[in-house]
Amino acid sequence: MPFPSSPRVPSGPRRRSLLASAAGVALLAGCSGSPDSASAGPSAAARARARAAADSEALAARYDAVIAAHPGLAGRLGPLREETVRHAAAFAGPGTASPTASRPAASASASPSVSARAAGPPEDASPAVPADEEGALTALVTAERQLAERRTAALLDVPGELARLLSSVAAAGAAHVYLLTEGDR
């Protein structure tokens, strides 16, 4: 037995039509920005890229400090530190060498890079490292988690390719958190 049709016939456009129109308008508006938005876009993206590179360098300096204070963790933290250095290089762009990349992991804590200092602790201080290994790992977990959250939040403010890079590196940061907390259980 067929269901009777609704006695009320909607007047005007349907909900799907309105949603499709709104999506189209948003797409067109995004493609045809004003000259002011075009000139502000690249500089905002460049600033976001530079900040992300500095954040990765500061995180690598934190890894360096923990490895220097707790050499027994070097085997576990070394690969995560190296990945963080690669993230800094990816944000810096092709052909740009990161100052953090050339330092070995165990000796780098004494002199973090200039950009890492600008984003992190004061110039004359290296990142503070707790005396116990568990506390040092907890500090790294906190730093990784906060940075991943900041990068995830920044996704809405950057253009496509940089957003993809930020999301990928934020996901890697979340994986680092897992490896630092759950990985050895």
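The table below gives the values:
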{"item": "Distance between modelled label sites at residue 46 and residue 133, nm, 7 Å Cα→Cβ extension", "result": "4.6 nm"}
{"item": "Protection proxy ranking of 132-143, 63-74 - average other beta-carbon atoms within 10 Å, highest first", "result": "63-74, 132-143"}
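Coordinate-derived values only; no laboratory data. All figures in this text were calculated on a predicted structure; none of them were measured in a lab. With ideal geometry, Cβ positions are generated from the backbone for all residues, glycine too; neighbour counts draw on all protein chains shown.
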